[in-house]
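Participant: This is the structure I want to talk about, given as structure tokens.
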Amino acid sequence: MVTGAAGFLGSHLCDALLAEGHSVLGIDNLITGKLRNLEHLKGESRFSFQEQDICSQFDPGRIDYIFDFASPASPVDYMEHGIETLQVGSIGVFNLLEVAKRWGATFFLASTSECYGDPLEHPQKESYWGHVNPVGPRSVYDESKRFAEAATTAYRRYHKVDVRIVRIFNTYGPRLQMNDGRVISNFMKQALRGDELTVYGDGSQTRSFCYVSDEVEGILELAWSKEQEPTNIGNPREFTILECAREVLAVTDSKSGIKFLSLPQDDPKQRRPDISKARALLGWEPKIDLRTGLRLSLDYFRTEVEAERAAAGSASR
Ligand code: UDP
């Protein structure tokens, strides 16, 4: 079972599990997920979909693996749906852990580098406890995921549920939502439209971007391992946001300029995973660099921008 199945990462995970020969039940309440991300699976006999909020108790029947990818995940989305974000990481996670306990299933939690907050340790190792503002605008997501990690670990400790916890760093690729406000979707959209790229602050803050196929591969390596402690899966190559803007301009061959806007509150200054654990334990390593990953995403973003243009054109006629 995959929750958050209609989301960017959840839908890619469903594809990868099906490609490995598994049967998959996809669950999503469609608060931010889109059914079109699963459209290509229509007619796939090993895939079924259920519209379901995991904050309401439900029993999917006998299952052996739960991948919990249900949560708004971009700052724009989780700030718009703050309460739901807190609920899905607490009530939702408890409900799924109960399902895992009932059926003897393994529970895999999609956690996040946001657990490290605005980190004082760089790069971030799994042993770092983080630097999180519990009442800042990002806290609805950060604390929800930190709580989810605690709940997952408690079910392992007290109920012997078999668990995995992945800490995901910034991931991008096709199906990234156009309006989720993330830096890659914003920049690609702006560059392809010929609009100025909106860099927040002076663009010196850093992120480390992992292409979706690398991320999913690492997630599955972790899933099939026996590791129960949190594990970073991300690409350790770090870019300033200004460098990221230049990469996007190069890949899209765009003449767009750059405009500087104010930096959102509590925006982490730096983010880079230390992946020595994943390397040693799983033999996993990302293969796709940012330039290549952006090229691989170009057709998707182009099609989306053209569809928007066509829709705007027909609305104004
Ligand atoms: N950012 C930016 N311009 C945008 C969107 C984001 O400069 O149009 C910056 C944002 O301030 C942050 C980084 O890019 O420093 C990554 O933002 P994103 O929302 O993608 O994810 P985050 O890593 O902050 O959760």
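Participant: Out of all the residues in segment 279-306, which are open to solvent by 60 Å² or more (accessible area, probe 1.4 Å) and closer than 19 Å to G194 by Cα?
Facilitator: The answer is R295, D299, R302, T303, E306.
Participant: Only one of (1) within 10 Å of the ligand (Cβ to nearest atom); (2) touching a residue at least 40 places away in the same chain (Cβ under 8 Å); (3) closer than 26 Å to H81 by Cβ is not met by R175, so which one is it?
Facilitator: Answer for R175: the failing condition is (1).
Participant: Residues that are away from the ligand (no atom under 15 Å from the Cβ) and of a type in the set (G, A, S): find the strands (runs of 3 or more DSSP E) completely inside segment 218-291 holding 3 or more of those. Give the derivation first.
Facilitator: Working: elements: 230-233, 238-240, 258-261.
By residue number, no strands (runs of 3 or more DSSP E) qualify.
Participant: Show the residue pairs that are 6+ apart or on different chains and have beta-carbon atoms under 6 Å apart, the first residue being within segment 257-268 and surrounded by 14 or more Cβ atoms within 10 Å (Cβ to Cβ), the second being among the polar types (S, T, N, Q) and assigned to a loop (DSSP other than H, G, I, E, B).
Facilitator: Partner pairs satisfying both residue conditions: D266/N133.
Participant: Also, I was wondering about something else. Here are some residues: D162, D195. Which one is within 14 Å of the ligand (Cβ to nearest atom) and open to solvent by 30 Å² or more (accessible area, probe 1.4 Å)?
Facilitator: Working: D162 fails: within 14 Å of the ligand (Cβ to nearest atom).
From the options D162, D195, the qualifying one is D195.
Participant: For the list (1) open to solvent by less than 70 Å² (accessible area, probe 1.4 Å); (2) touching a Leu at 6+ places or on another chain (Cβ under 9 Å); (3) under 26 Å from H131 (Cα atoms), I need the number of the one condition that R237 fails.
Facilitator: For R237, the failing item is (1).
Participant: Does A315 satisfy the criteria of being under 14 Å from L192 (Cβ atoms) and either of a type in the set (A, V, I, L, M) or open to solvent by 70 Å² or more (accessible area, probe 1.4 Å) (or both)?
Facilitator: Details: under 14 Å from L192 (Cβ atoms): no; either of a type in the set (A, V, I, L, M) or open to solvent by 70 Å² or more (accessible area, probe 1.4 Å) (or both): yes.
In short, no.
Participant: I'd like to know if segment 126-140 contains one or more residues that are touching a helix residue (DSSP H, G or I) at 6+ places or on another chain (Cβ under 8 Å) and among the charged types (D, E, K, R).
Facilitator: yes
Participant: Hey, does segment 25-46 have a residue that's within 16 Å of the ligand (Cβ to nearest atom) and in a helix (DSSP H, G or I)? Show your work before the answer.
Facilitator: Narrowing segment 25-46 to residues within 16 Å of the ligand (Cβ to nearest atom): 32.
Keeping just the survivors that are in a helix (DSSP H, G or I) gives none.
Checked segment 25-46: no residue is within 16 Å of the ligand (Cβ to nearest atom) and in a helix (DSSP H, G or I).
Participant: Mind listing just one residue for me: the one in segment 165-192 that is outside any strand (DSSP E or B) and among the β-branched types (V, I, T) and, of those, least open to solvent (accessible area, probe 1.4 Å)? Working first, answer last.
Facilitator: Looking only at segment 165-192, we keep the residues that are outside any strand (DSSP E or B), and these are 169-170, 173-192.
Still in the list and also among the β-branched types (V, I, T): 183-184.
Details: V183: 36, I184: 5 Å².
Restricting to residues being outside any strand (DSSP E or B) and among the β-branched types (V, I, T), the top hit is I184.
Participant: Something else: What about S213, is it closer than 18 Å to K269 by Cα and of a type in the set (S, T, N, Q)? Break it down stepwise before answering.
Facilitator: On the way: closer than 18 Å to K269 by Cα: no; of a type in the set (S, T, N, Q): yes.
When the stated conditions are applied, S213 does not pass them.
The values are calculated or read from the model by the stated rules, or taken from the named source; none is laboratory data. Please read these numbers as outputs of a predicted model, since none were measured by experiment. Neighbour counts are summed over all protein chains in view; Cβ atoms, including those assigned to glycine, are modelled from backbone coordinates with ideal geometry. We work out accessible area using only protein heavy atoms, side chains counted, and drop any ligands, DNA or RNA first. Shrake-Rupley method; radii C 1.70, N 1.55, O 1.52, S 1.80 Å.
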